[in-house]
Amino acid sequence: MAKVWVFAEVHGGKVDSTALEILTRARDLEGAEVEAVALGPGATDAAGPLGEHGAAVVYASDDDVYGDYVAQPATEALHQLVQEHSPELVLFAANYDSRDIAGRLSAKTGSTLMSNVSAIHDLKTAQHAMFGGSTLVDVTLEGSPKLVLVRPKSFEAAPSGGQAEVVKVDVPIGDELKKAKRLERHEEATTGPKLEEAPVVISGGRGLQDPGNFELLDQLASSIGNTAVGATRAVVDSGWVPYAMQIGQTGTTVKPNVYLAFGISGATQHIVGMKGAKKIVAVNKDEEAPIFQIADLGIVGDALKILPQLIEEVKSRKG
Amino acid sequence: MNIAVCVKHIPDPNLPGELDGERLKREGVQGVLDPGDEFGVEAGLQLKEAHGGEVTLVSMGPAAALEAVRRGLSMGADKGVLVTDDALRGADALTTARVLAAAITKAGDFDLVIAGVESTDGYTGTMPSSLAEFLGLPQLTFVKSLEGAEGSIKVNRQTAEGYHIVESPLPALISVTAGVNEPRYASFKGIMAAKKKPVEQWSLADLELSSDDVTVNQSVSNIGKAEARQAGEVVEDDGSGAARIADFLKEAKVI
């Protein structure tokens, strides 16, 4: 048996959902003895859900130092644990903190790090996609520990009903690792369902022409109900809407039942984050827009003209 | 404030990508300075303008990558370093970080190292943090705005739900997102001046690294095509577009 670790981020006392997705996959890998590492306030409590999803052991520390300082303390602790327990494979969610920690750990151990993974075949082979998901590349990793960053939503989380043994982590963190300090945390308030959980997602791109027109997407979302609103990187970079709404390679990955794209051309960066939708509807003025190649229904037209009509249509059909 | 900015020469992202055997085709294709790195160069230039010092561009790549370095110099950076070596073909993010760390160490003493969050071609997003570890620096990653001061830096760091304000003493490394600033255009004068700015070209041996230091522990075992999504119906909006979408939503049982 080989140890397979899942590094689980804990935020605001809650375990990151991607960790549970990865555990669900990891526990079915042949020859894997699955354990998890959680660092920061809430880590010990996270052992509950982590155990239910397949971790036999959770190495945990609730120390504030892991939340207060970026990357360095967590890397130090994880590195010590890795040296002590020699896992064969360490799986991370491709999220902010984990990318930082995996990158640093890779430099410390000299071990190979694979990013953007969307499937894990076995203890040494994983897959990532190129060219917006049209080409799938299997990569074989050598040495140990192998480090792998897994894209959120690559697997569906399902509990298996286990219970984890909690092993307390107590690694001294020197002052030289307490430099990049978090002074304030700001959350951008969102209303309605979360982007990654909503059954219907509406998103807008540059074709909406003006940030004020995102209001139309909000109106459509509330008339459909249980619908979240997202955006492309281009409009987030332009400051139209907050980053929390970004769907794509950088940003959130969504897999709703229906995805409605308004004024989005379909750059690779965006497609990667939404091509898993069951059904895709796209509205764009340009009939050559790449989004039409993956849309189940494509309307060549002006999103700003169609949106108000669609809001009325939806309202009248819902009676 | 002396600043090193990491820059990468990549195949023009506006052209469709191609494979050359197992890797992204890089030779014989139009190359550009990674658009994501322009934000790093701009951030470096703005800090220099506010605090004085020098901006040094550091790059690793084939000889053609000199073009990307020149592009950054024409925006206003002072000098450049390019590490070129045949042994670096197919280097991964870890190897890149190791080589850039050696080049930065050789190039001088820096208060700040700046990189883009991720390259536009490989988009692993781990090179900056590996680089920070090799250099023994704290890291402030995913920066969407920043404020430099004497001896410290304060940034807005993007998170999934919003942002955190993070502060660190210098020296430090930051990785910047697109949107952190508005990169300037190179002026004609800048382009002319860039031709005369110094660019050092180093091999692995110049950095006292050997080919053993750049061994890559991953190999491609299979390349396949994903099951393509079938394009559905694409119709011109003749005034009935909204109704068609509503029908579609009804059929999908979301209304």
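Read-outs throughout are calculated quantities, based only on the coordinates presented, and are distinct from any laboratory measurement. Since this is a predicted model, take the numbers as computed values, not measurements. All Cβ positions, even for glycine, are placed from backbone atoms using ideal geometry, and neighbour counts span all protein chains on display.
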Q: Go through the stretch A:100-112 residue by residue and turn each phi into a ³J(HN,Hα) via Karplus (6.51, -1.76, 1.60, θ = phi - 60°); whole Hz please, and just put x for glycine and proline.
A: 5, 5, 4, x, 5, 4, 4, 5, 5, 8, x, 8, 6
**Q.** Nearest-0.05 FRET efficiency for A:Arg182 and A:Lys318, computed from C-beta distance (R0 35 Å)
**A.** 0.20
**Q.** For the stretch B:65-146, Kirkwood radius (reciprocal of mean inverse C-alpha pair distance, Å)
**A.** 13.9 Å
Q. If you line up the long axis of helix A:214-224 against the longest principal axis of chain A, both from Cα atoms, how many degrees apart are they, to the nearest 10?
A. 90 degrees
Q: Please list, in chain and number order, the residues 5+ apart from A:Val272 or on another chain whose amide H is under 5 Å from its amide H, with Hs placed from the backbone.
A: A:Gln249
Q: Using DSSP to define loop residues, name the GluC sites (Glu not before Pro) in the stretch A:136-185 whose beta-carbon has at most 13 other beta-carbon atoms within 10 Å.
A: A:Glu142, A:Glu156
**Q.** FRET efficiency estimate (nearest 0.05) - Cβ-Cβ, A:Ala158 to B:Lys25, R0 51 angstrom
**A.** 0.80
Q. Which cross-chain or sequence-distant (5 or more) residues have an amide H under 5 Å from the amide H of B:Val234, H modelled 1.01 Å from N in plane?
A. A:Gly298
Q: Mind grabbing the base-10 log of I(q)/I(0) for the stretch B:138-194 at q = 0.15, 0.24 Å⁻¹? Debye formula, identical points on the C-alpha positions, no solvent, two decimal places.
A: -0.53, -0.88
Q) Which is the longest run of chain B containing none of the GluC sites (Glu not before Pro) found in DSSP loop states (not H, G, I, E, B) with at most 10 other C-beta atoms within 10 Å? A) B:28-149
(Q) Can you tell me how the stretch B:3-214 classifies by the Cα gyration tensor, rounded, prolate or oblate, using a/c under 1.5 as the rounded cut? (A) rounded
Q) Any idea which of A:Ser160, A:Gln209, A:Pro199 is furthest toward the positive side of the dipole for the stretch A:120-236, if Lys and Arg beta-carbons carry +1 and Asp and Glu beta-carbons -1? A) A:Gln209
Q.
Using the alpha carbons of the stretch A:200-318, what is the convex hull volume per residue in cubic angstrom, as a whole number?
A. 90 Å³
**Q.** Net length gained if the chain between A:Asp138 and A:Lys14 were fully extended (0.36 nm per residue, minus Cα distance)
**A.** 41.4 nm
Q: Using only the alpha carbons of the protein assembly as shown, determine the length spanned along each of the three principal axes and report them from longest to shortest in whole angstroms.
A: 72, 65, 46
Q. Using θ = phi - 60° and the Karplus form 6.51 cos²θ - 1.76 cosθ + 1.60, what ³J(HN,Hα) does each residue of the stretch A:196-209 get, whole Hz, x for Gly and Pro?
A. 7, 10, 5, x, 10, 10, 10, 9, x, x, 3, x, 7, 6
Q: Excluding residues fewer than 8 places away in the same chain, name every one of the aspartates and glutamates whose C-alpha is closer than 14 Å to that of B:Lys8.
A: B:Asp34, B:Asp37, B:Glu38, B:Glu67, B:Asp92, B:Glu118, B:Asp121
Q) Which of the residue pairs A:Lys3/A:Lys255; A:Lys255/A:Lys285; A:Lys14/B:Lys253 have a Cα-Cα distance greater than 27 Å in the structure shown? A) A:Lys3/A:Lys255; A:Lys14/B:Lys253
Q | Built amide H within the under 5 Å cut-off of B:Ser145, gap 5+ | A | B:Asn156
Q: Taking a cut-off of 12 Å between Cα atoms, list the aspartates and glutamates near B:Lys197, but don't count ones fewer than 8 places away on the same chain.
A: B:Asp78
Q. Relative to the first principal axis of the alpha-carbon coordinates of chain B, what is the inclination of helix B:93-107, with its axis defined by its Cα atoms, in degrees from 0 to 90 and to the nearest 10?
A. 30 degrees
Q | Translational diffusion of the stretch B:1-74, µm² s⁻¹ [Kirkwood Rh, Cα pairs; Stokes-Einstein; 10 °C; 1.306 mPa s] | A | 120 µm²/s
Q | Exposure proxy order (Cβ contacts within 10 Å, fewest to most) of A:Trp240, A:Trp5 | A | A:Trp240, A:Trp5
Q | Paramagnetic reach from B:Glu54 (point 7 Å along Cα→Cβ, amide N under 13 Å) across the stretch B:133-151 | A | none
Q) What is the fewest-to-most order of A:Arg151, B:Arg89 by other Cβ atoms lying within 10 Å of their Cβ? A) B:Arg89, A:Arg151
Q | Cross-link pairs A:Lys146/B:Lys48; A:Lys153/B:Lys144; A:Lys179/B:Lys106; B:Lys48/B:Lys106 - those with Cα-Cα distance over 28 Å | A | A:Lys146/B:Lys48
Q) Where does helix A:72-85 land angle-wise versus the long Cα axis of chain A, in degrees 0 to 90, nearest 10? A) 50 degrees
Q) Where in the stretch A:32-71 does the label zone of A:Ala2 land, with the point 7 angstrom along Cα→C-beta and an amide N cut-off under 15 Å? A) A:32-35
Q. Calculated from DSSP H runs of 4 or more alone, at -39500 (n - 2.57) each and per residue, what is the 222 nm mean residue ellipticity of the protein assembly as shown, nearest 500?
A. -8000 deg cm²/dmol
